[in-house]
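Inspection log for the structure reproduced underneath, given as C-alpha cells.
The values are calculated or read from the model by the stated rules, or taken from the named source; none is laboratory data. Treat the numbers as computed from the prediction; the structure is a model and nothing was measured. In this analysis, Cβ positions are derived from the backbone assuming ideal geometry, glycine residues included, and neighbour counts consider all displayed protein chains. Side chains included, ligands, DNA and RNA excluded: accessible areas come from the protein's heavy atoms. Shrake-Rupley method; radii C 1.70, N 1.55, O 1.52, S 1.80 Å.
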Amino acid sequence: MEKLKTTFAGLELKNPFIVSSSGLTDSVEKNKQLEQAGAAAVVLKSLFEEQIMWQSAHHSSASDYPEAEDYLQGYLRAHYLEEYTKLVRDTKRACTIPVIASINCYTDEEWEEFASVLEQAGADAIELNLMAVQSSLNYQYGAFEQRHIDILKHVKSRVRVPLIVKLGANLTNPVKLIEQLYVNGAAAVVLFNRFYHTDIDIEKMEYTAGHVLSHESELANSLRWIGVASASVKQIDYAASGGVVDGASIVKCLLVGASAVEVCSVLYEKGNGVIKTMLSQMDEWMTRRGYESVGQFQGLMRARDPERVNVFERTQFLKYFCEKK
Ligand SMILES: Cc1cc2nc3c(=O)[nH]c(=O)nc-3n(C[C@H](O)[C@H](O)[C@H](O)COP(=O)(O)O)c2cc1C
C-alpha cells in the first residue's frame with residue numbers, strides 16, 4: 001500500500017504503524033511476526049535504568065567488600081547491555097523494517113555510552129523515554145525539563161542515528177520543551193508515555209496496579225498536544241502513543257500533525273491481525289476522501305492559533321461542562 005507511506009524521525013516507513021516499546025517487542029521471533037503482520041517499525045522493549053544502575057547495586061550484598069561490589073555492578077551492567085545488544089543485532093538481521101532501540105531512564109547518567117553501543121549494534125534510531133514523577137520539596141521548577149535536554153545533548157554528542165524522545169504527560173509546557181529538544185538535535189517526539197496506574201484494594205488495604213492496558217479515551221491527550229505542538233514546532237516529527245485502537249484513531253493522529261503512531265495495548269488485546277485491519281480502515285477512509293498520500297491530509301486539523309489555545313480550551317469547557325444540568 002504505497003499510499004500509506006510516511007517518514008518519521010528520518011526513517012522511511014511503509015505505513016504509520018509502529019509497535020511501541022513493550023513485551024511485544026522483546027524477542028526476535030515476536031519482532032519478525034510483527035513485521036509479517038504489517039508493522040512499519042518496532043521500538044524494542046526498553047533497556048531500563050534500573051537494570052543498568054539500580055539493579056546492580058540492589059543485587060550486591062557485598063557492601064562490606066567494595067571490590068566485590070564493583071565487580072558485581074560491572075558484571076550485571078555488562079550482562080544486561082550484552083543481552084539488549086543481542087536483541088538489537090538479531091532483530092536487525094531478521095527484519096527489514098526499522099528497529100528502534102529504547103532507553104527508559106530518569107537520571108542523567110552515562111546514557112551516551114549505552115546509546116553508542118546500541119547504535120553500533122545496528123539500531124536505526126534510539127528512543128529516550130524519560131519517565132519520572134517529580135515530588136520532592138527541593139524540586140526547582142524546570143529542572144525535569146532541563147534534564148531531558150541534558151540527557152539528549154549527551155547522547156547526541158556520541159551517536160549519529162536519529163534520536164526520538166518519548167515524553168510523559170506530566171510536563172508544564174510540552175510545546176516549549178519540544179522546541180528545545182528540536183534545537184538540541186531530537187528528530188522526533190512521542191506523546192505520550194503511559195504511567196503505571198495506581199489503584200487500591202480496599203479489602204486488603206493494599207496498593208494494586210490499575211489498568212495496565214490503555215483505553216481509547218486516552219487518545220484525547222495526544223490529539224490535543226500534538227495538535228498544538230505541531231502547529232508551533234513544525235520542524236520535528238511527532239508520533240502519538242496512547243489509546244490508538246483502530247484505523248480512525250490513526251487518521252486522527254495524522255490529521256493533528258503526527259507522522260506515525262506507536263501502538264501497544266490493542267495488540268495485546270486483539271493480536272497482531274489488528275495491524276492489517278487498522279491499516280485497511282485507514283486506507284478505506286483515504287479512498288473515500290480521495291487522498292492518495294498521507295501528506296495530503298497530515299496536519300490539516302492542527303491548532304489554528306496555538307498561542308490562543310486557552311481561549312479554545314476554556315470555551316469548550318464552559319460549553320460542555322458548565323451548561324450541563
Ligand atoms: C505491558 C506494557 C509494557 C510496556 N513497556 C514499555 C517499555 O518497556 N518502554 C516504554 O517506553 N513503554 C512501555 N510501555 C508503554 C507503551 O509503549 C505505550 O507507550 C503505552 O502503552 C501507550 O500506548 P497504547 O495505548 O497503545 O498501549 C508498555 C506498555 C505496556 C502495556
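For segment 281-302, the criterion of being out of contact with any Leu (no Cβ under 7 Å at 6 or more places or on another chain) and under 16 Å from V42 (Cα atoms) is satisfied by no residue at all. Among the residues making up segment 172-213, those that are open to solvent by 10 Å² or more (accessible area, probe 1.4 Å) and within 14 Å of the ligand (Cβ to nearest atom) are F192, N193, R194, F195, Y196, H197, A209, G210, H211, V212, L213. Kindly check whether there is at least one residue in segment 288-300 that is within 20 Å of the chain's Cα centre (by Cα) and among the small types (G, A, S). Yes, segment 288-300 has at least one match.
Can you tell me which residues in segment 16-30 are within 16 Å of the ligand (Cβ to nearest atom), surrounded by fewer than 24 Cβ atoms within 10 Å (Cβ to Cβ) and not acidic (D, E)?
Of all residues in segment 16-30, those within 16 Å of the ligand (Cβ to nearest atom) come to 16-27, 30.
Remaining after also requiring surrounded by fewer than 24 Cβ atoms within 10 Å (Cβ to Cβ): 22-24, 26-27, 30.
Once the filter is applied, which keeps residues that are within 16 Å of the ligand (Cβ to nearest atom), surrounded by fewer than 24 Cβ atoms within 10 Å (Cβ to Cβ) and not acidic (D, E), segment 16-30 yields S22, G23, L24, S27, K30.
Hey, any hits in segment 299-314 for a residue that's of a type in the set (V, I, T) and under 19 Å from L34 (Cα atoms)? Lay out the reasoning, then the answer.
Here is the first cut: in segment 299-314, the residues of a type in the set (V, I, T) are 309, 311.
So of that shortlist, the ones also under 19 Å from L34 (Cα atoms) come out as none.
Within segment 299-314, not a single residue is of a type in the set (V, I, T) and under 19 Å from L34 (Cα atoms).
Taking segment 106-135 as the range and being of a type in the set (S, T, Y) and more than 22 Å from L11 (Cα to Cα) as the test, the residues that pass are Y106, T107, S135. I'd like the residue in segment 117-136 that is modelled with pLDDT of 95 or more and away from the ligand (no atom under 16 Å from the Cβ) and, out of all such residues, is nearest to the chain's Cα centre (by Cα). Here the residue is D124.
Checked against (1) within 17 Å of the chain's Cα centre (by Cα); (2) more than 8 Å from the ligand (Cβ to nearest atom); (3) not in a helix (DSSP H, G or I), Q235 passes all but condition (1). Any residue in segment 195-223 that is without any contact (Cβ under 8 Å) to a residue 12 or more places away in the chain sitting within a Cβ distance under 7 Å of a residue that is among the aromatic types (F, W, Y)? List the pairs, counting only those 6 or more apart or interchain. Final answer for the pair search is I200/Y207.
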